[in-house]
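The values are calculated or read from the model by the stated rules, or taken from the named source; none is laboratory data. This is a predicted model, so every value here is computed, not measured. Here the Cβ positions follow ideal geometry from the backbone for every residue, glycine too, while neighbour counts run over all protein chains shown. Each accessible area value is taken on the protein alone, full model and side chains, heavy atoms only, with ligands, DNA and RNA left out. Shrake-Rupley method; radii C 1.70, N 1.55, O 1.52, S 1.80 Å.
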Amino acid sequence: MKHSLQLLLIDRDKDALASLMAMLEATQLPLGIVCASSFSEAGKKLVSHTFDCVLVENETVSLLHSDLKTTIHRHQSAPFTLIVLSKHADSRLAGQVLELGAFDYLDKDDINVSQLRIVLARCRTWLGQERERMATEQRLRSLAEGIPQLVWSCAPNGKIDYLSQQWADYTGVTFAHDLQVAWFTRIHSDDRDRFVEAWKNALETQQDFQLLCRIKRHDNAFRWFDTRVTARKNDLGQITQWIGSHTDITEIEEARLSQAKLAAIVEHSQDAIIGHDLHGRITSWNKAAEQLFQYSAHEALGRTLTDLTVPAPFLDDFKQHLHMLNHSNSYEPHYETQRQRRDGTLIDVSITSSLVRTLDGRVEGAAKIVRDITDRKRFSAQQQASLQEKETLLKEVYHRVKNNLQVIGSLFNMQIRQLPEGTARNVLKDSADRVKAMALVHEKLYQSASLSSINLKNYIEELCTNLASTTGANSRRITINAQVDSIPVGLETAVPLGLLLNELLTNSLKHGFPNENGGEVQVMGRCLGSGLLRIDVTDNGIGFDPEATSTESLGLKLIRILGRQLTAELSIESAEGTRCTLTLPLPPSKN
């Protein structure tokens, strides 16, 4: 059974109203009819009734000069139709009322039952469609309120008629407020012009559009949204509504932007950056790789590194590298090797390899930073050759200095053998020992691996051996014990220190044991920390004769001069023998 159509008739002419009611009843349609003779009376009827169709006589209530339609909307939310009746046919008036939203315009003088039946049938059809549309719209709005997207809709002319609760929650404004302002001002200023242009173009072309933009949140933070605007059309292809939805893709977009930045860094890196899978198949190839290996990215992608860059002698090493990559979860080596260019040229490269993992942590390949170190290796080889050449020259210098000093020592010895025992002979023997002490420094430097320092332990031990031999200490039963740490000292320290020790030991051996009772001389050397070296020379001889120092000998003068040269603190004690203590700063060795 059809729902009865609820009618409100507005006409101040009671006879005309009665005639219209008679024709309506003659249509035999299920109708419910309420009459009003004025606008104010109609308003009262609207308070207590809901009408499907309002038939209004134009002179009683003019649609052009009253807010009848607004009044109806205020009192009922259900759809309705508005039919204007006029005594005189007026096409201009008909056009005006239809533009104002009237459903139809009828001439009272020509109206008849058949015409009313047709108009009311059309009203019923339109009302059914409108109710279905509103029900569909309500379902869509319910759906919109249940999804996380921000949703809105607007009329074909672009006037907003709906904003979802998610929109209000996100922006922090009410629906009513947003209808009064241009809601697109909440779009980021950098994206706004692009959005407005797309929206204007959609209104003109009646085409859907999609774009990415940032929308301001209630706390003034902006987030990225995938915005889609779709046109709803009727059976005639006419737009009835625009529906917009905004999906939050901030994390995805930020990841994309981060990936784009990383890709830009990789692409513009000065080092070749190459990605490959577990089989060595190339997955990425930046511009620097193109320049280094002379293959374009188009040529390289999809091919294996063994086909393009790994020379034959290094194939086994690369296969081992792939094996480790496939069977280790932490294989990220840094190594130097050789690779091959397109023209066959071999280049020295430094390769740093990092694992590439999937989202679940599985290793799916490696990323390699390949740096051309050919020039560096060549320069390093040149430097090494130059250094070896300088070391050879320096060794030759030390060797020749040692030989020259030995020649001088030999000349002294030849002269000594020509002289009788006495002062002159003793002076020459002391000078020969001093020359031999200096020659020993250069001999040790010649034998040293570093060429810049000698081992103090070895030097002092050999110096003691030489002096024991030249002074006849062994035949006099005088022993020399050296307990010295292995301390590297440079030439600038070794020469004056060697001469100073030579004087101290010579004095002990010559003057400390005048009898044939034998004795012992000890040399101790150790680091004190803070860069200080302490050397003690002690003997258990007759001690130091103060009267003998009233006029210093050449040896004692040399000891004090050399001590000042070494910026050393020197102390000499004589009690049951002689103790000489030397404390000096030790310059860092040059290795």
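Listing for the model above:
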read-out	value
Close pairs (8 angstrom Cβ cut-off, 6 or more residues apart or separate chains): without any contact (Cβ under 8 Å) to a residue 40 or more places away in the chain in the range 514-525, outside any loop (DSSP other than H, G, I, E, B) and of a type in the set (Lys, Arg) anywhere	none
Residue within the range 537-560 that is open to solvent by 90 Å² or more (accessible area, probe 1.4 Å), modelled with pLDDT of 75 or more and within 60 Å of the chain's Cα centre (by Cα) present	no
Pick from the range 90-126, criterion in a loop (DSSP other than H, G, I, E, B) and of a type in the set (Asp, Glu), ranking: least open to solvent (accessible area, probe 1.4 Å)	90
Some residue of the range 506-524 being touching a strand residue (DSSP E or B) at 6+ places or on another chain (Cβ under 9 Å), closer than 13 Å to residue 582 by Cβ, open to solvent by 40 Å² or more (accessible area, probe 1.4 Å) and not in a loop (DSSP other than H, G, I, E, B)	yes
Neighbours by Cβ (under 6 Å, 6+ apart or cross-chain): first from the range 464-476, in a helix (DSSP H, G or I); second loosely packed, with under 14 Cβ neighbours inside 10 Å	468/474
Residue within the range 242-249 that is modelled with pLDDT under 85, open to solvent by less than 30 Å² (accessible area, probe 1.4 Å), under 22 Å from residue 184 (Cα atoms) and within 23 Å of the chain's Cα centre (by Cα) present	no
Tally of residues being in a helix (DSSP H, G or I) and in contact with a Lys or Arg (Cβ under 8 Å, 6 or more places away or on another chain) across the range 21-45	0
Residue in the range 270-296 that is nearest to residue 343 (Cα to Cα), counting only those that are among the polar types (S, T, N, Q) and surrounded by 15 or more Cβ atoms within 10 Å (Cβ to Cβ)	286
When residues of the range 189-199 are limited to those that are modelled with pLDDT of 90 or more and loosely packed, with under 15 Cβ neighbours inside 10 Å, the one nearest to the chain's Cα centre (by Cα)	190
Tally, over the range 127-140, of residues that are among the acidic types (Asp, Glu) and surrounded by 13 or more Cβ atoms within 10 Å (Cβ to Cβ)	2
Residue match in the range 35-44 (condition: touching a helix residue (DSSP H, G or I) at 6+ places or on another chain (Cβ under 8 Å), among the aliphatic types (A, V, I, L, M) and over 15 Å from residue 120 (Cβ atoms))	yes
Any hit, the range 457-465, residues being closer than 21 Å to residue 572 by Cβ, modelled with pLDDT of 80 or more, open to solvent by less than 30 Å² (accessible area, probe 1.4 Å) and out of contact with any Gly (no Cβ under 7 Å at 6 or more places or on another chain)	yes
